[in-house]
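All remarks here apply to the structure that follows.
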Amino acid sequence: MCFCGEGTKYPNRPVAEGCGFRINLPSQPGAPSLIDWTKPDLDIFTTNVSIRGWCNVDPAEAYASKVHFKEECDCKYDGLWGRFCETPVESVCINQCSGNGQCRGGFCQCKHGWYGVDCSVPSALSSIREWPRWLRPARINVPDSSRTLRNLFNLNAIVEKNRPLIYVYDLPPDFNSLLLEIVEFLLFLRDFIVRRKKG
């Protein structure tokens, strides 16, 4: 999925399908308009209200018919709603991306230094200080005292152990996100009757 990007008023607005390409007008009356996939339509970045734009179009002005916008552009992105993707709606991501990523269309887009289907696995590139406390290596707290140095054999050091780690391997979407979608479909989109057999 492409987005409007940096330098536009709405950088996270999706540019779906033929939105970013020129539209060839029909050669005959009643014929359909055709998308020219070889020519990008840079007018979608315009700030001129009389040109059919998309990335800088204010939704309130467009709904009030104060500006022109490209009709071929629309919101086809999970997590956003409205003609111009102006209303965020809750998406379902595994563990809500563990606070280390952004939920985009049911999948986690992890922040730098994190990976995994739910952004819970720290990258080797990230600092150990950024890791969750339970994932850091064990450490020993030694009391700071001059007497401690004299009597090392009677030292009462406290070892902070990590709790056991249970690894959840990254699975293909057939076994994680897709299963969530199927369960949601089965629970909410179908009518069903529960019958209990007596005896």
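Only the coordinates and a few stated rules stand behind these numbers; no lab work does. Because the structure is predicted, anything quoted here is derived from the model rather than measured. Here the Cβ positions follow ideal geometry from the backbone for every residue, glycine too, while neighbour counts run over all protein chains shown.
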*Sketch the reach of a paramagnetic label on S65 as a point 7 Å from Cα along Cα-to-Cβ, and name the residues of region 13-57 whose backbone nitrogen lies under 17 Å away.*
50-52
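Nearest 20 debye, what's the magnitude of the dipole of region 2-88 about its Cα centre given +1 on Lys and Arg Cβ and -1 on Asp and Glu Cβ? Present the calculation step by step, with values, prior to reporting the outcome.
Details: 9 positive and 12 negative charges, 26 e Å.
My answer is approximately 120 debye.
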*For q = 0.24 Å⁻¹, what log10 I(q)/I(0) does region 2-88 give under the Debye formula with an equal point scatterer on each alpha carbon and no solvent?*
-1.23
*Taking the simple approach of a point 7 Å from Cα along Cα-to-Cβ for both C2 and R136, what is their distance in nm?*
4.5 nm
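For E17 and T47, FRET efficiency with R0 = 25 Å and r from the beta-carbon atoms, rounded to 0.05? Don't skip to the end; give the middle numbers.
Values: r = 23 Å, r/R0 = 0.93.
Efficiency at R0 = 25 Å is approximately 0.60.
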*asked:* 7 Å from Cα along Cα→Cβ at both D58 and Q96: what's the point-to-point distance in nm?
replied: 3.3 nm
*Cβ-derived FRET efficiency at R0 45 Å, R129 paired with W81, nearest 0.05*: 0.70
